[in-house]
Amino acid sequence: MRIKLPPSGVSVLRELCRHHELTRRDIQGLLDVSGSTVTRITTHLSEIGLPHSAVISEGNLGRPAEAIRLAPDGLGMLAVSMSARETSIALVALTGEVSEVSVLPATAETPYEEAITVVADAVRLLASTGNQRFHALAGLGVSFGGSVSFRDGRIADASSFPDWRGKALA
C-alpha cells in the first residue's frame, strides 16, 4: 500500500518510533501542536492501520489517558547489511521486532554485478512478504562498509569492497 502522509503525520510517527508509547498530551508537548491537531493526525493514522491506542488510566475527571503505540503490523521496513564476510537482509517492524532474516551469498569476493543482483532479488522477495505482513513498508535501509555519495548514489570509499569504488549502490 502506498501511503502519503502530511509532515505532521510523519512527525507523529517519528516520535512514536523514538518513544514507543505516547499519550496525546505527550505528542502535543513534543510537537508543540494543539489537542485537536493531535486528534486529527492520530485519527488519520489509525484509519490506515499504523498506530493503535489503549486506555492506560482512568480517573474520575476528564477523558481517560490513552496510550498511542505503533501497531505491530502497521509499518515495516527492509534492512540490508553488507560486510566483507556476509550480507544479510531483514524484515523489521518499526516497533523494533525483527520478523525475518536471510543471509545472502554475497561477500567482498563476490563480483559487484552478481552481489547487486543477489541483493536486489532478495529485496523484491522480502518486500512481497512485507507487503503481506504490514499495512505499508516505510523504506529500505542499507548498511555498507564504506561511504556512498549522496549526490549520485555511487560508492565513494569501499573499505571492505575495494573493487566496488565508483559503482552505483543507490
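The values are calculated or read from the model by the stated rules, or taken from the named source; none is laboratory data. Keep in mind the model is a prediction, meaning the values are calculated, not measured. Reconstructed Cβ throughout: ideal geometry from the backbone, glycine too, with neighbour counts over all protein chains shown. All accessible areas refer to the heavy atoms of the entire protein, side chains included, with ligands and DNA or RNA removed. Shrake-Rupley method; radii C 1.70, N 1.55, O 1.52, S 1.80 Å.
A few comments on the model shown:
- Criterion (in contact with a helix residue (DSSP H, G or I) (Cβ under 6 Å, 6 or more places away or on another chain) and either hydrophobic (A, V, I, L, M, F, W, C) or not in a loop (DSSP other than H, G, I, E, B) (or both)) met by exactly one of I116, I155: I155
- Pairs linking a residue in the range 91-111 that is over 20 Å from Q132 (Cβ atoms) to a residue that is surrounded by fewer than 16 Cβ atoms within 10 Å (Cβ to Cβ) and among the small types (G, A, S), with Cβ atoms under 6 Å and 6 or more positions apart or on different chains, are A108/A84; A108/S160.
- Within the range 67-89, being in contact with a helix residue (DSSP H, G or I) (Cβ under 8 Å, 6 or more places away or on another chain) and charged (D, E, K, R) holds for R69, D73.
- Residues considered: L16, L22, L45, L30. Of these, the only one that is within 20 Å of L75 (Cβ to Cβ), over 19 Å from the mean Cα position of the chain (by Cα), surrounded by 12 or more Cβ atoms within 10 Å (Cβ to Cβ) and at pLDDT 85 or above is L30.
- Tallying residues that are among the hydroxyl-bearing types (S, T, Y) and exposed (fewer than 14 other Cβ atoms within 10 Å of the Cβ) within the range 107-122 yields 1.
- A single entry from L104, L125 fulfils the requirement of being over 14 Å from W164 (Cβ atoms), open to solvent by 60 Å² or more (accessible area, probe 1.4 Å) and either acidic (D, E) or more than 16 Å from the chain's Cα centre (by Cα) (or both): L125.
- Failed criterion for T39 (all others in (1) over 14 Å from G74 (Cα atoms); (2) among the β-branched types (V, I, T); (3) not in a helix (DSSP H, G or I) hold): (3)
- Hey, A158 surrounded by 13 or more Cβ atoms within 10 Å (Cβ to Cβ), touching a Leu at 6+ places or on another chain (Cβ under 6 Å) and not β-branched (V, I, T) or not: no
- For first residues located in the range 122-135 and under 19 Å from S46 (Cα atoms), partners that are modelled with pLDDT under 95 and assigned to a helix (DSSP H, G or I) and lie 6+ apart or on another chain with Cβ distances below 6 Å do not occur.
- The residues on offer are S88, S143, S99, and the sole one that is polar (S, T, N, Q), loosely packed, with under 12 Cβ neighbours inside 10 Å and in a strand (DSSP E or B) is S143.
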